[in-house]
Amino acid sequence: MAVVTKKISVETRGEVDMIDLTGGVEKAVGDSGLRNGIVTLFIPGSTGALTTIEYESGLLRDFPAALERLFPKGIGYEHERRWHDGNGHSHVRASMLGPSLTVPFINGRLTLGTWQQIVFVELDVRPRSREIIVQIVGE
């Protein structure tokens, strides 16, 4: 059993920017030399999230709209009352989506579905530089 740690850096455009990480994760797994195991991604910070989605234009519009329906910007958040930074909804959204994702790989290939991609979702209200931790565990 071996553990290999890599990082993927991204520059976001701000709120609800969705970045396809699949190619970078595939490269990290391939470069690791491991054939079978799991890859875990983690985003340090409290306003970013990781998930999977079919990365296509319709869903790239539907997903932010769904977040707005579930966790609207225009209501009061105690975080904003305390810090006045305009991103209380960003923290709630990130907490619900989560900061990590694990995908198995077999024979050096991610076990994603045909239309499934790994995405980082920027939830902060401003553009950010982000570093996603990629930890590969396997043999």
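For the stretch 113-128, what does the Karplus curve 6.51 cos²θ - 1.76 cosθ + 1.60, with θ = phi - 60°, yield as ³J(HN,Hα) per residue in whole Hz, taken in order and with x for Gly and Pro?
Karplus values, whole Hz, x for Gly and Pro: x, 3, 10, 9, 10, 8, 10, 9, 10, 7, 10, 6, 7, 10, x, 9.
Tell me what the chain gives for mean residue ellipticity at 222 nm when only DSSP H runs of n ≥ 4 count, each as -39,500 (n - 2.57), the sum divided by the residue total, rounded to 500 deg cm²/dmol.
-8500 deg cm²/dmol
Reachable lysines from Lys27, Cα under 30 Å, same-chain residues fewer than 8 places away excluded?
Lys6, Lys7
Can you give the charge dipole size of the chain about its Cα centre, rounded to the nearest 20 debye, using +1 on the beta carbon of Lys and Arg and -1 on the beta carbon of Asp and Glu?
Charge dipole, the chain, about its Cα centre: 180 debye, nearest 20.
Work through the residues other than Val134 whose Cβ is under 11 Å from its Cβ and net out their charges, Lys, Arg +1 and Asp, Glu -1.
With Lys, Arg at +1 and Asp, Glu at -1, the net is 0.
What angle do you read, to the nearest 10 degrees and between 0 and 90, between the alpha-carbon axis of helix 22-32 and the longest principal axis of the chain?
40 degrees
Considering amide H positions built from the backbone, and no H for Pro or chain starts, which residues 5 or more places from Arg35, or on another chain, come under 5 Å of its amide H?
Glu139
Convert each backbone phi in the stretch 54-70 into a coupling constant with the Karplus relation 6.51 cos²θ - 1.76 cosθ + 1.60 (shift: θ = phi - 60°), then list the ³J(HN,Hα) values in order as whole Hz, x for Gly and Pro.
Per-residue couplings from phi come out as 7, 7, 9, 4, x, 6, 5, 9, 5, 4, x, 5, 5, 4, 5, 5, 7 Hz.
With a sphere of radius 10 Å drawn around the Cβ of Ile43, what net charge do the other residues whose Cβ falls strictly inside it have (Lys, Arg +1; Asp, Glu -1)?
Value of the local net charge: -1.
For the chain, what is the largest minus smallest coordinate of the Cα atoms on each principal axis, given in angstrom and ordered from greatest to least?
Here the spans come out as 49, 30, 22 Å, largest first.
Can you tell me the order of 118-129, 29-40 when each peptide is scored by its average per-residue count of other Cβ atoms within 10 angstrom, highest first?
Listed from highest to lowest mean packing, they are 118-129, 29-40.
Just so you know, all these numbers are worked out from the coordinates, no wet-lab data involved. Since the structure is predicted, the reported quantities are computational estimates derived from the model, not experimental observations. With ideal geometry, Cβ positions are generated from the backbone for all residues, glycine too; neighbour counts draw on all protein chains shown.
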